[in-house]
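Everything below concerns the one structure shown next.
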Amino acid sequence: MSRYTHGQHRSVTDSYRWRNAENSAAYVLDEMVPGRSLLDVGCGPGSITVDLASRVAPGPVTAVDASPEAVELARATAREAGADAIDFRVADVHDLDLPDDSFDIVHAHQVLQHVADPVRALTEMRRVAAPGGIVAACDSDYSAMYWYPLLPEIQEWMDLYQRVARANGGEPDAGRRMLAWARRAGFTDVTYTMEVWSHSAPDRRAWWGRMWAERILESDMGRQAVAEGFATRQDLERISAGWTAWSEDPDGVFAVPRGAIVCRVA
């Protein structure tokens, strides 16, 4: 079993709404053509799902997430966008209650780093993908992230995140493992690429730093770190202050490398 490290606090789910097809799934957009059927695994609050659905329309779209709360947020996002035809469901990627060979595209964004068995998850995604279709996934690699200035509080955040995520059964350095996981799941035609989020422009830096300044204090990650003795509340407050200081530094940069795979189904 695994536990979702970030949880569903507003500081988490609101930050996910920034994500869309262009900034989070550029590596697979050429496959998102009208009429193709799509399964979006780990849809979160649904901003990427809705954007992808507009690209494959009138193709049918199903979206799943292990969190009932996330599914409700995604439904609300879809309603606001007028995308009422998306079929949202609560489901575990390790055991999808969906027929074999059902979808032209099976997509997962920032999912495999959190699951107990990413190879089994990819095997399930492969099972429900139709012959000639694709399985596409993209995940961050925390150890590959870099930032400047080299504030000790940000390094403390990184070390703490790694510890909590691994305690939850996840693999925070998923990005570099995506190709290996895909091959172990039985794929033989896999294209591996890398994408990078940059939170370094002044507006992006301010948003990213202030978001984490709140998130380290209020999200499940921070609460779990304190409850399990990985950190004290004072530690979290120091890290939060570090994020605020970084966000206000005109020299501040932060890069999030992400490994992406497009796996073709025979």
- Query: For the charge dipole of the chain, defined by +1 on Lys and Arg C-beta atoms and -1 on Asp and Glu C-beta atoms about the Cα centroid, which residue among ALA165, ALA85, THR232 has the Cα displaced farthest towards the positive pole?
  - Reply: ALA165
- Note on the structure: With label points set 7 Å from each Cα along the Cα-to-Cβ direction at ASP100 and ALA245, the distance between them in nm comes to 5.9
- Distance from the range 31-98 to the range 192-240 (C-alpha centre basis), Å: 27
- Message: Please list, in order along the range 9-14, the HN-Hα scalar couplings obtained from phi with the Karplus expression 6.51 cos²θ - 1.76 cosθ + 1.60 (θ = phi - 60°), rounded to whole Hz, x for Gly and Pro.
- Response: 4, 4, 4, 7, 5, 5
- Whole-Hz Karplus couplings 3J(HN,Hα) for the range 100-110, θ = phi - 60° and coefficients 6.51, -1.76, 1.60, Gly and Pro as x, run 4, 6, 9, 10, 6, 10, 10, 10, 9, 10, 6
- Message: Using the Karplus curve 6.51 cos²θ - 1.76 cosθ + 1.60 with θ = phi - 60°, what ³J(HN,Hα) values do you get for each residue of the range 156-167, in whole Hz, with x for Gly and Pro?
- Response: 5, 4, 4, 4, 5, 4, 4, 5, 5, 4, 5, 5
- Enter the angle in degrees (range 0 to 90, nearest 10) between the Cα long axis of helix 233-247 and the first principal axis of the Cα atoms of the chain, meaning the one along which they spread out most. 80
- Message: As I understand it, the value is the acute angle between the Cα axis of helix 68-81 and the longest principal axis of the Cα atoms of the chain; what does it come to in degrees, rounded to 10?
- Response: 70
- Projected onto the charge dipole of the chain (+1 at Lys/Arg Cβ, -1 at Asp/Glu Cβ, origin at the Cα centre), which of ALA144, SER67, PRO202 gives the Cα projection farthest towards the positive end? ALA144
- Query: What does the charge add up to near GLY46, with Lys and Arg as +1, Asp and Glu as -1, over the other residues with Cβ less than 14 Å from its Cβ?
  - Reply: -4
- Query: In a GNM of the chain with a 10 Å cut-off on Cα contacts, which of TRP157, TRP197, TRP212 has the highest mean-square fluctuation?
  - Reply: TRP197
- Note on the structure: Non-local residues with an amide H under 5 Å from the amide H of SER102, with H modelled 1.01 Å from N and Pro and chain starts lacking one, are ALA129, ALA130
- What accessible surface, in Å², does a 1.4 Å probe find on GLU237, ignoring ligands, DNA and RNA and rounding to the nearest 10? 90
- Message: If each DSSP helix of 4+ residues adds -39,500 (n - 2.57) and the sum is divided by the residues in the chain, what number results at 222 nm, nearest 500 deg cm²/dmol?
- Response: -12500 deg cm²/dmol
- Query: So who's got an amide H within less than 5 Å of the one on ALA231, skipping anything under 5 residues away but keeping other chains? H placed 1.01 Å off N, in plane.
  - Reply: VAL226
- Message: Can you give me the solvent accessible area of ILE86 with a 1.4 Å probe, rounded to the nearest 10 Å²?
- Response: 20
- Task: Pull out a ≥ b ≥ c, the square roots of the eigenvalues of the alpha-carbon gyration tensor of the range 219-266, then state rounded if a/c is under 1.5, prolate if not and a/b is larger than b/c, and oblate in the remaining case.
- Result: oblate
- Of the residues ASP14, ASP40, ASP92, which exhibits the maximal mean-square fluctuation in a Gaussian network model of the chain defined by a 10 Å Cα contact cut-off? ASP14
- Message: Sort GLU214, GLU124, GLU22 by heavy-atom solvent-accessible area, probe 1.4 angstrom, most to least.
- Response: GLU22, GLU214, GLU124
- Item | Stretch gain in nm, segment ARG176-ARG238, where the contour uses 0.36 nm per residue and the Cα spacing is subtracted | 19.3 nm
- Report, to the nearest 10°, how far helix 202-218 tilts away from the longest principal axis of the Cα atoms in the chain, using its own Cα long axis and a range of 0 to 90°. 80
- Nearest-20 debye value, the range 193-255 charge dipole, Cβ charges on Lys, Arg, Asp, Glu: 60
- Task: Treat every Asp and Glu Cβ in the chain as -1 and every Lys and Arg Cβ as +1, leave all other atoms uncharged, and give the resulting dipole magnitude about the Cα centre to the nearest 20 debye.
- Result: 280
- Taking springs between alpha-carbon atoms closer than 10 angstrom, which of ARG233, ARG36, ARG89 fluctuates most in the Gaussian network model of the chain? ARG233
- Message: Taking amide H atoms as placed 1.01 Å from N in the peptide plane, list the residues 5 or more away in sequence, or in a different chain, whose amide H sits under 5 Å from that of ALA108.
- Response: VAL41, ALA136, ALA137, CYS138
- Task: Summarise the long-distance tail of P(r) for the range 110-266 by giving the % of C-alpha pairs beyond 20 Å.
- Result: 55
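The values are calculated or read from the model by the stated rules, or taken from the named source; none is laboratory data. Keep in mind the model is a prediction, meaning the values are calculated, not measured. Here Cβ is always computed from backbone atoms with ideal geometry, including for glycine, and neighbour counts include all displayed protein chains. Remember, those area values only see protein heavy atoms, side chains included, never the ligands or the DNA or RNA. Shrake-Rupley method; radii C 1.70, N 1.55, O 1.52, S 1.80 Å.
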